[in-house]
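The values are calculated or read from the model by the stated rules, or taken from the named source; none is laboratory data. Computed from a predicted model, the values in this text were never measured in an experiment. When we count neighbours, we look across all protein chains shown, and the Cβ atoms used for this are built from the backbone with ideal geometry, even at glycine. Areas reflect the complete protein model, heavy atoms only, side chains present, ligands, DNA and RNA absent. Shrake-Rupley method; radii C 1.70, N 1.55, O 1.52, S 1.80 Å.
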Amino acid sequence: MTDKEPVIRVENLCKKFGPFTALNGVNLAIQAGEVHALLGDNGAGKSTLIKILSGVLQPTDGTIFVDGVPTNFRSPRDASAAGIGTVYQDLALSQLSSVTRNFFLGREITIGSGPFGVMKIKEMDRITHDEMQKIGIDISDPTQSVGTMSGGQRQTLAIARAIYFGARVLILDEPTSALGQKQQMEVLKTIRRVRGLGNIAIILITHNEIHSQLVADRYTFLSLGEVIGTGAKDELESRDIRRLMAGGADIADLAEELAKV
Amino acid sequence: MSEASGVATSAAQRTESDRLVKHGRIRALLHRPEIGAFAGMAFILIFLAIVAGNVVYNPLGIKNNHGIISQLGIISIGACLLMIAGEFDLSIGSMIGFSGMCMALMLKWGLPFGLGEATPMAAFFITLALTLTIGWLIGTIVVRSGLSSFIVTLGFLFVLRGSTEVGFRTFNQGSTQISGLPDFKQTDWFAYLFGGDAFKWVFDLLFSFGWNVNRSGDQWVPGLDAKVGWWIIIALAAYFVLSRTKLGNWIYATGDNKEAARANGVPVNQVKIGLFMFTAFCATIFAASQVFDTNTADAAKGNLKELEAIAAAVVGGAILTGGFGTVVGVIFGAVIFGLVQNSVFYISWIDGSYYRVFLGSVLLVAAFTNENIRKRITGGI
Ligand SMILES: Nc1ncnc2c1ncn2[C@@H]1O[C@H](COP(=O)(O)OP(=O)(O)OP(=O)(O)O)[C@@H](O)[C@H]1O
Ligand SMILES: [Mg+2]
């Protein structure tokens, strides 16, 4: 598995915000069909890293390889053209519009081109329903408003949309953080099903150790802008994971620190 | 034990689609957001039939009602689309006065820069080019500055009204009105498009059935005002664009969640600028139908019309935060307000000023209803 060419590889990635170094020489390889958990404390640089991968920010230094080819993302459009689909925390959905209208927003199927192109609503409804079902959610009515869907269903909608429009790399930034227990489970199931498709790589950012252990195949730990550890699931023990997630500090140290307060 | 497992399996077998009850056609119709406006309109129609049916529903009453309704209808469609996209235009009324002035000045005093006589067509298209440019300017200022469109268009409300008065005084020998223009609609097909009659065949038919007859036995009313035709065309076009086209999807998305729309590649700024130009277009059509119908113009034309247009849009389900509203609803809204505004003057025992009381009350009821619908959809946020 690991000797395959990674879909995305970053080498020596640096990002400076003026005098502040947010990322300092990060290396990372993402394989198709794997869930790669990106873990680290608040401010470690996770969001900065994925913003670079999705074309929102430009790196100060370093290279991104897509299928082994060095690539420059000048805008989010470049990144999504290269097959990188990002599901942001706010999901980029409009609540008052229907599921279908959201699914196809900006990429409507139309007869005739230009803004006055007429939407093929029947076909769009059918595709939306089928694509959502593929990753496990049977929406009864594609004309229902997104505002009436649960948080987990919305997450699934955003994921289904990214995949349908050609994402080979799916970036999920804390997809479970705002959800209740049951809906967190729903999202984890969705991640599993997407992984099961086999050809899609998933980058999962989470602060939840249990979630990462449930679905991740590989881990990368960031701390203060640098990679402090990486490894496949079977190479790491949960104690290591917990320690690395906290930025390398031992839990005992944390307890000591707490005691000092 | 067996009971507990029974509950568990039935819960596991239920799917998401079981949770949404499928309703029949009629239930679905009753749940449409326009149903309140429709009920209001039906009530008004019946009420007027009872208290003043003979004057409101005679041929002349029908013509006059439709004139007022369609005028309001034209601008409220523009206001509604813009509100769905999350913006506001308070300059519609002043734009009506301004474009009426431009057309009438050219028709009376000739084209600018001494380029000779102005035909109705030239006067209309030069004015339209000017108003579309102003619409574009308003839209550009709103999207570039990030200022609320409420403030920007309030500015243009004053600027345009003032410019209209100054324009009249400067180019019309100090007078702020023009009357007695030649009756272009008799001689010019283009002027007839705006000032002439529409649906003449219906009124011819009514005459042949012996209803549309005046005291001397001739045909009484020739037809509806041409602006009724414009209202229908603009409404059909707006309905089609909003519900069927890509642009319609963009308009809703722009008003609902601008950042989401932008992230999905929707040209949010162009959508907004285009809609500011569309309200300017609607105001120009309003003014043209007034100028070519009455052969007059004055600096106060269109005063307060922007607020009536916004009120009709609210009755049509539009909410101030954007993302919601329908053309069908705004048509009902225009019918309600137009009908009442015109009819109260026929009914001697009702003080005409009750129109404003009525307008305000209906506006509040509609706003409450819309808010409830929005809460139902977004789960109460
Ligand atoms: N535009 C910016 N300008 C200056 N500093 C920034 C900017 N964006 C991020 N930073 C800084 O870079 C560091 C990394 O931020 P980042 O958002 O990547 O952290 P994170 O790992 O995603 O944290 P969290 O878990 O809280 O989401 C932080 O210290 C942050 O303050
Ligand atoms: Mg973050």
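3J(HN,Hα) along the stretch A:54-68: 9, x, 6, 10, 9, x, 6, 7, x, 10, 10, 10, 10, 6, x Hz, from the Karplus curve 6.51 cos²θ - 1.76 cosθ + 1.60 with θ = phi - 60°, whole Hz, x for Gly and Pro. For the protein assembly as shown, with all protein chains in place and a probe radius of 1.4 Å, 60% of the accessible heavy-atom surface sits on carbon or sulfur. DSSP beta bridges fully contained in the protein assembly as shown are about 65 percent antiparallel. Stretched out straight at 0.36 nm per residue, the stretch from B:ARG144 to B:LEU30 would grow longer than its current Cα-Cα span by 36.9 nm. Surface burial for B against A, with a 1.4 Å probe and both sides summed, reaches about 2600 Å² of accessible area. For the peptide B:264-276, the mean number of other protein chain Cβ atoms found within 10 angstrom of a residue's Cβ is 2.
What residues from the stretch B:142-175 fall in the zone where the backbone N is under 17 Å from a label point 7 Å along the Cα-to-C-beta line of B:THR296? Once the point is set 7 Å along Cα→Cβ of B:THR296, B:175 turn out to lie under 17 Å by backbone N, inside the stretch B:142-175. With just the Cα atoms defining each centre, how far is the stretch A:105-155 from the stretch B:57-96? Give it in Å. Cα centres, the stretch A:105-155 to the stretch B:57-96: 33 Å.
Put simply, when A:52-58, A:10-16, B:276-282 are sorted by average Cβ atoms within 10 angstrom per residue, most first, you get B:276-282, A:52-58, A:10-16.
Which order, highest average first, do B:314-323, B:335-344 follow once you tally other Cβ atoms within 10 Å for each residue and take the mean per peptide?
Answer by packing, highest mean first, reads B:314-323, B:335-344.
Computed 3J(HN,Hα) for the stretch B:339-345, one whole-Hz value per residue from the Karplus formula 6.51 cos²θ - 1.76 cosθ + 1.60 where θ = phi - 60°, is 5, 5, 4, 7, 7, 4, 7, glycine and proline marked x. Note on A:THR63 and B:VAL365: their simple-model spin labels are 7.1 nm apart, each label 7 Å out from Cα toward Cβ.
Summarising the amide proton neighbourhood of A:ILE200: residues at separation of 5 or more, or on other chains, whose placed amide H is nearer than 5 Å comprise A:GLY33.
Per residue of A:96-102, other chain Cβ atoms within 10 Å of the residue Cβ number 6 on average. Under the shape rule built on the C-alpha gyration tensor, where the axes satisfy a ≥ b ≥ c, chain A is prolate, since a/c reaches at least 1.5 and a/b is greater than b/c.
Peptide A:113-123 has a mean of 4 when you count, residue by residue, the C-beta atoms of other protein chains within 10 Å of its C-beta. Based on C-alpha pairs under 8 angstrom that are at least 6 apart in sequence, chain B has a relative contact order of 31 percent.
Please go through the residue pairs B:LYS108/B:LYS227; A:LYS4/A:LYS51; A:LYS122/B:LYS246; A:LYS46/A:LYS182; B:LYS258/B:LYS305; A:LYS182/B:LYS375 and name each one whose alpha carbons sit more than 20 Å apart in this structure. Beyond 20 Å between Cα atoms: B:LYS108/B:LYS227; A:LYS4/A:LYS51; A:LYS46/A:LYS182; B:LYS258/B:LYS305; A:LYS182/B:LYS375. Our coupling estimate for the stretch B:224-236, obtained by passing each phi through the Karplus curve with A = 6.51, B = -1.76, C = 1.60 and θ = phi - 60°, is 7, 5, 4, 5, 4, x, 4, 4, 5, 4, 5, 5, 4 Hz, Gly and Pro reported as x.
Taking a spot 7 Å from the Cα of A:ARG193 along the direction of its beta carbon, which residues of the stretch A:5-40 have an amide N less than 18 Å from it? Counting only backbone N, you get A:33-35.
Each other residue within a Cβ distance under 13 Å of B:THR279 adds +1 if Lys or Arg and -1 if Asp or Glu, for a net charge of -1. Between the Cα long axis of helix A:151-164 and the first principal axis of chain A there is an angle of about 80°, rounded to the nearest 10.
Relative to the 2.2 N^0.38 Å rule of thumb, the protein assembly as shown has a C-alpha radius of gyration ratio of 1.21. For the stretch B:34-378, the square roots a ≥ b ≥ c of the C-alpha gyration tensor eigenvalues yield an a/c of 1.5 or more together with a/b not exceeding b/c, which makes the shape oblate. Angle, helix A:251-260 long axis vs. longest principal axis of chain A, Cα atoms, 0 to 90°, nearest 10? So the helix axis and the longest Cα principal axis differ by about 80 degrees. Packing here is the average count of other Cβ atoms within 10 Å per residue, and on that basis the peptides B:102-114, B:354-366, highest first, run B:102-114, B:354-366.
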